[in-house]
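Enquirer: One structure, as structure tokens, below. Some questions next.
The values are calculated or read from the model by the stated rules, or taken from the named source; none is laboratory data. Everything quoted here is computed from the prediction, not taken from an experiment. Positions of Cβ are backbone-derived with ideal geometry, glycine not excepted, and every protein chain shown enters the neighbour counts.
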Amino acid sequence: MAQNNAIGHGGHGGHGDHAGHHGSLTEYVIGFLLSIILTVIPILAVVDDWMGRTATIILLLATAALQFGVQLLFFMHLREEQGPRYNLVTLILGLIVVVVVVYGSIWIMDHNKMY
């Protein structure tokens, strides 16, 4: 069974076939540390009540956006993609769909006469 898996991943689109660069240990450690820092800052801001409500919400949104960028750049290798940037285009389309659904839902709830 183990031999079948090894043979199946050998030369037919397996993970070892990628000619591109997958990142070094240093890049992964930097990405991991940035993720930890960008997670701890909002937790401390909320738990220790560092700022007012509006500033805390802005801080949460900003660190979430930065965390999203760190994940894309350091772990999903978005910056290393060569040729047609299908992953980037797919990501942008997904973000547009999410924004439309969230904004549309908020708009419908706001303009609903029942509530």
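Enquirer: Tell me, please, whether a residue that is farther than 24 Å from residue 42 by Cβ, surrounded by 13 or more Cβ atoms within 10 Å (Cβ to Cβ) and either out of contact with any Pro (no Cβ under 6 Å at 6 or more places or on another chain) or free of Cβ contacts under 8 Å to residues at least 24 places away in the same chain (or both) can be found in the stretch 93-115.
Expert: No: zero hits.
Enquirer: Name the one entry in 114, 109 that is hydrophobic (A, V, I, L, M, F, W, C) and in a loop (DSSP other than H, G, I, E, B).
Expert: 114
Enquirer: Quick one: count up the residues across the stretch 48-89 that are loosely packed, with under 15 Cβ neighbours inside 10 Å and of a type in the set (Ser, Thr, Tyr).
Expert: Going through the stretch 48-89 one residue at a time, the tally reaches 2.
Enquirer: I need every pair where a residue in the stretch 57-74 that is over 15 Å from residue 95 (Cβ atoms) has its Cβ under 6 Å from the Cβ of a residue that is of a type in the set (Gly, Ala, Ser) and assigned to a helix (DSSP H, G or I), sequence separation at least 6 or different chains.
Expert: Close Cβ pairs satisfying both conditions: 59/45; 70/31; 70/35; 74/31.
Enquirer: Would you confirm, using the coordinates I've provided, whether residue 68 is closer than 19 Å to residue 33 by Cβ and either at pLDDT below 85 or β-branched (Val, Ile, Thr) (or both)?
Expert: Taking the combined requirement at face value, the residue does not satisfy it.
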